[in-house]
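The values are calculated or read from the model by the stated rules, or taken from the named source; none is laboratory data. Everything numeric here is computed off the predicted structure, so don't read it as measured data. Cβ sites come from the backbone with ideal geometry, for glycine too, and all protein chains shown count toward neighbours.
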Amino acid sequence: MTAAARIPAMANVHSHAFQRDLRGVAERPAPAAHARDDFWTWRTEMFAAAARLDPDRMRTVARAVYAEMRAAGYGVVGEFHYVHHQADGTPYAEPNAMAHAVAEAAAEVGIAIVLLPAAYHRNGWDGADRPPVDGQRRFCDRDPETFLARVDALRTWAAGRPGVDVGVAAHSVRAVGPEWLEAIAAYADDHRLPRHVHAHEQRLEIEECRAEHGCTPIGLLAQTGFLGPRTSVIHGIHVDAADVELMAGSNSIVVSCPTTEGSLGDGWFPAMAYREAGVRIAIGSDSQVRVDPFEEVRELETGARRERQLRFGLLSGAPDGDLWDELVENGRASLGLEGEPTELGIDLDHPQIRGVPREDLARAVATCATAAIVSAPAG
């Protein structure tokens, strides 16, 4: 008889379901005309993938990746959703058709979802707001009121659907200005919703924010009231001590997506700097280059060890050495979820963890395992 154990299912705090379509495709070299192959050349491929979507295709790709997530050990997914409209920017007859598609896909495969509709308005700033390019128009709304009205409607639609919750997001400080951040923060406060935002993933974003606002993106988030205990900053890689202090002082959460950040060459996530400041950390699968929470946790831990060139990283500060459980707790807080997480079964006879002493199982889960040890998905 196979020996088994139960552990809490991981919270996937940051997902872009449609980016599963970029597997392999996004690894092609950039055209020779580009001086370098980086995040911005990858983004061109991402825009192309987004352009091919309609609600049926969105449902199909989301169903596929959510099934992978559930089988791999995730119990809930936070879908950072910004493909809102038709390709030319015209709203669908049902303005939330694309969000409905991803939520319905999650329900079909049996994974809980927190929809995080993301505000998007511009293509950055260069002395003035840059208008969206072709690939971005379907992401954009004309003003915060229009965006938040759609969020209201989505919350009403989700209210009668078990396993579907709704928060709110700003795509980034490149995509929206301060008035948007203030409006979204106020809306989230009024309705006690989790709020998410990409920040500090790329150095160019920081340079542009300093030029426009005289501060870093995290500094701008603090000034506009966006930071707080229900706030999650996605990536948070290129930060200084003042940024980390703002995150800690506001009790915000930082979300690392190690396999995506490695794939895109974003840089090293400063896990130990956040740990020492008391900033909570959660994880996400982001671009779906890999869907395996065990791999995300292991990369997070080994990255922390490389950061300090020490034998132990985050694991040393996790209660009872259970980094997995800590990330589950922080992830659920990031998504505004209360109550106990669902559990999944793991196979103690799998070669990856066979023979590990029970007192060391949590440490092995965080450092030695992959999704192959999952014997019974959550739910």
- [ ] Check region 204-222 and report whether any residue there is touching a Gly at 6+ places or on another chain (Cβ under 7 Å) and part of a loop (DSSP other than H, G, I, E, B).
- [x] no
Open item on the list: Pairs please, first residue from region 297-315 and part of a helix (DSSP H, G or I), second anywhere and among the charged types (D, E, K, R), Cβ atoms under 6 Å, 6+ apart in sequence or on different chains.
Closed with: L314/R275; L314/E301; L315/E301
Open item on the list: Every residue in region 253-278 that is modelled with pLDDT of 95 or more and either charged (D, E, K, R) or over 27 Å from W42 (Cβ atoms) (or both), please.
Closed with: E261, M272, R275, E276, A277, G278
Open item on the list: Residues that are modelled with pLDDT of 95 or more, at least 3 per element: which helices (runs of 4 or more DSSP H) completely within region 24-143 meet that?
Closed with: 55-72, 97-109
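Is there a residue in region 160-168 that is free of Cβ contacts under 8 Å to residues at least 60 places away in the same chain, over 24 Å from P217 (Cα atoms) and among the small types (G, A, S)? Before you say what the answer is, go through the steps one by one.
Within region 160-168, the subset free of Cβ contacts under 8 Å to residues at least 60 places away in the same chain is 160-163, 166, 168.
Next, from what is left, pick out any that are over 24 Å from P217 (Cα atoms): 160-163, 166.
Filter once more, keeping what is among the small types (G, A, S): 160, 163.
Among the residues of region 160-168, at least one is free of Cβ contacts under 8 Å to residues at least 60 places away in the same chain, over 24 Å from P217 (Cα atoms) and among the small types (G, A, S), which makes the answer yes.
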Open item on the list: Just checking, does region 41-64 include any residue being in contact (Cβ under 8 Å) with a residue 24 or more places away in the chain, within 30 Å of V365 (Cα to Cα), crowded, with 23+ Cβ neighbours inside 10 Å and touching a helix residue (DSSP H, G or I) at 6+ places or on another chain (Cβ under 9 Å)?
Closed with: yes
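Go through D325, D349 for me and flag whichever is in contact (Cβ under 8 Å) with a residue 24 or more places away in the chain, acidic (D, E) and surrounded by fewer than 16 Cβ atoms within 10 Å (Cβ to Cβ). I'd like the intermediate steps shown before the answer.
Working: D325 fails: surrounded by fewer than 16 Cβ atoms within 10 Å (Cβ to Cβ).
Matching residue, one of D325, D349: D349.
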Open item on the list: Please count how many residues of region 344-371 are among the aliphatic types (A, V, I, L, M) and outside any loop (DSSP other than H, G, I, E, B).
Closed with: 8
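Please work out which residue is nearest to F80 (Cα to Cα), limiting yourself to region 271-286 and to residues that are under 12 Å from the mean Cα position of the chain (by Cα) and assigned to a strand (DSSP E or B).
Residues of region 271-286 under 12 Å from the mean Cα position of the chain (by Cα): 281-286.
The next check asks that each one be assigned to a strand (DSSP E or B); those that pass are 281-283, 286.
On the way: I281: 17, A282: 15, I283: 13, D286: 9 Å.
Only one residue fits best here, namely D286.
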